[in-house]
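Below: one structure, written as structure tokens.
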Ligand code: SAH
Ligand code: SF4
């Protein structure tokens, strides 16, 4: 979502005459878009800020200026700390106010002209959302993100999202369809619908007198009707919101890709309970079974947290057996990171770091094994690949299979943005290589 938000900030600033540059020493403005989900992600901000402070001083010594803005969830959660630790930051804005960036920049510029140093801080959760103000998306490619939902009302005990992104909110069906059409007209072939709780989507139709809400299954079917779209995905889902209509969309909508990211966090009911995940392991398995009967080729990826307070060896083994049972193709796995202000941070029985480390290593080893095995089983197969970027080597394009495996092939730019049939001849644990079947 931060990639999407960053692109939208670029769109907004583009409207007022800014364009993106590759090097910070050429930049009149630097925006750091931040993530607060784990401590490590947050801490990165301050080391990056130190770097940009030097660039800013150097530019100022040369008579130029540089506005530094900190956007996103660290700004939202730790605005005061940023003001204290980095007083040279000009703008601090949360994830829900970035449509106002041009006004904030104008205010900072006015102060600078008067030789005054002042900080603009905007951490509001406005009633009318940013989506009502954002310009049309201009930064897109063959594969694009589209935010349809934001925020969360679930309050898992480890998670900062409900505090930093705010209450759950769904965009209207029309505004999403408009943005999807516009992306497809500009050449996008694959859309990934985004939300912190994307399958909790419950959107209204703008001009309907009935206040009827429509779920993600309905939205997927509507987007899939747009001519020119080749692939559709959505991320990130909560198991509790995988309703039957959405599951049946997986069986009916061919261009909905058969690869689903469905975080489970733990395979132990006791841990899930303490995490306030609001479902049991058996509920998760039932959802997986239903998905597989709707779309037998479907495969899953997931998120795991190891070392949540109170996690015993038995709890951890339950997670490992769930991983073996579902055979996740891929996963994001993390050591529990106590986040200030969340209930999990002060729970008893915090797990020592060395135990977290060894559990994480074991879990990642098993997951990597699944990934390697699946990649190796692709050798000799001919599979559809959407090429969406240039490779590191000249004359090479990079793309993705239906299951998100990265594939490289020696191809010219005519294949960019196309879904081509590729015969796979090499596989590592992370990627595939092949050639296009003529
Ligand atoms: N809405 C999604 C997840 C959003 S956060 C869901 O409900 O599953 C993305 C991932 O970050 C989570 O799935 C979790 O695995 C990880 N995460 C969130 N808070 C964390 C914390 N305090 N420590 C470690 N990992 C965390
Ligand atoms: Fe965070 Fe996801 Fe839980 Fe919401 S459902 S609190 S976003 S982990």
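The values are calculated or read from the model by the stated rules, or taken from the named source; none is laboratory data. Values in this document were obtained by computation on a predicted structure and should not be read as measured data. Neighbour counts run over all protein chains shown; Cβ positions are idealised from the backbone, glycine included.
Out of (1) more than 16 Å from ligand 2 (Cβ to nearest atom); (2) within 24 Å of the chain's Cα centre (by Cα), the odd one out for residue 296 is which?
Here residue 296 meets the rest and fails (2).
What's the number of the condition residue 260 fails, among (1) under 21 Å from residue 191 (Cα atoms); (2) over 21 Å from the mean Cα position of the chain (by Cα); (3) not in a loop (DSSP other than H, G, I, E, B)?
(2)
For segment 144-173: of the residues being touching a helix residue (DSSP H, G or I) at 6+ places or on another chain (Cβ under 7 Å) and in a strand (DSSP E or B), which is farthest from ligand 2 (Cβ to nearest atom)?
144
Applying the selection to segment 264-273, what residues are surrounded by 21 or more Cβ atoms within 10 Å (Cβ to Cβ) and either in contact (Cβ under 8 Å) with a residue 12 or more places away in the chain or more than 30 Å from residue 348 (Cβ to Cβ) (or both)?
264, 265, 266, 267, 268, 271
Run residue 206 past the list (1) away from ligand 2 (no atom under 16 Å from the Cβ); (2) at pLDDT 95 or above; (3) in contact with a helix residue (DSSP H, G or I) (Cβ under 9 Å, 6 or more places away or on another chain) and report the number of the one that doesn't hold.
Single failed check for residue 206: (2).
Hand me the list of strands (runs of 3 or more DSSP E) wholly inside segment 29-100 holding 1 or more residues that are within 16 Å of ligand 2 (Cβ to nearest atom) and touching a strand residue (DSSP E or B) at 6+ places or on another chain (Cβ under 8 Å). Working first, answer last.
On the way: elements: 29-34, 67-72, 91-93.
Of the strands (runs of 3 or more DSSP E) lying wholly inside segment 29-100, those with at least 1 residues that are within 16 Å of ligand 2 (Cβ to nearest atom) and touching a strand residue (DSSP E or B) at 6+ places or on another chain (Cβ under 8 Å) span 67-72.
Under 7 Å between Cβ atoms, which residue pairs at least 6 apart in sequence (or on different chains) link something in segment 194-209 that is not assigned by TED's automatic domain parsing to the domain that holds residue 178 with a partner that is more than 16 Å from ligand 1 (Cβ to nearest atom) and modelled with pLDDT of 85 or more?
Listed pairs, sorted by first residue: none to list.
Could you please let me know if residue 364 is modelled with pLDDT under 95 and under 22 Å from the mean Cα position of the chain (by Cα)?
Values: modelled with pLDDT under 95: no; under 22 Å from the mean Cα position of the chain (by Cα): yes.
Considered against the rule, which asks whether it is modelled with pLDDT under 95 and under 22 Å from the mean Cα position of the chain (by Cα), residue 364 comes out as no.
Just one of the numbered conditions (1) modelled with pLDDT of 95 or more; (2) part of a loop (DSSP other than H, G, I, E, B) is not true of residue 430; which one?
Of everything listed in (1) modelled with pLDDT of 95 or more; (2) part of a loop (DSSP other than H, G, I, E, B), residue 430 misses just condition (1).
Out of segment 50-83, which residues are more than 29 Å from the chain's Cα centre (by Cα), at negative phi and free of Cβ contacts under 8 Å to residues at least 12 places away in the same chain?
54, 57, 60, 61, 62
Only residues that are touching a strand residue (DSSP E or B) at 6+ places or on another chain (Cβ under 7 Å) and either closer than 30 Å to residue 182 by Cα or away from ligand 1 (no atom under 11 Å from the Cβ) (or both): list them for segment 141-166, please. Break it down into steps so the answer makes sense when it comes.
The initial filter retains those residues of segment 141-166 that are touching a strand residue (DSSP E or B) at 6+ places or on another chain (Cβ under 7 Å), namely 141-151, 158, 165.
Passing the criteria: 141, 142, 143, 144, 145, 146, 147, 148, 149, 150, 151, 165.
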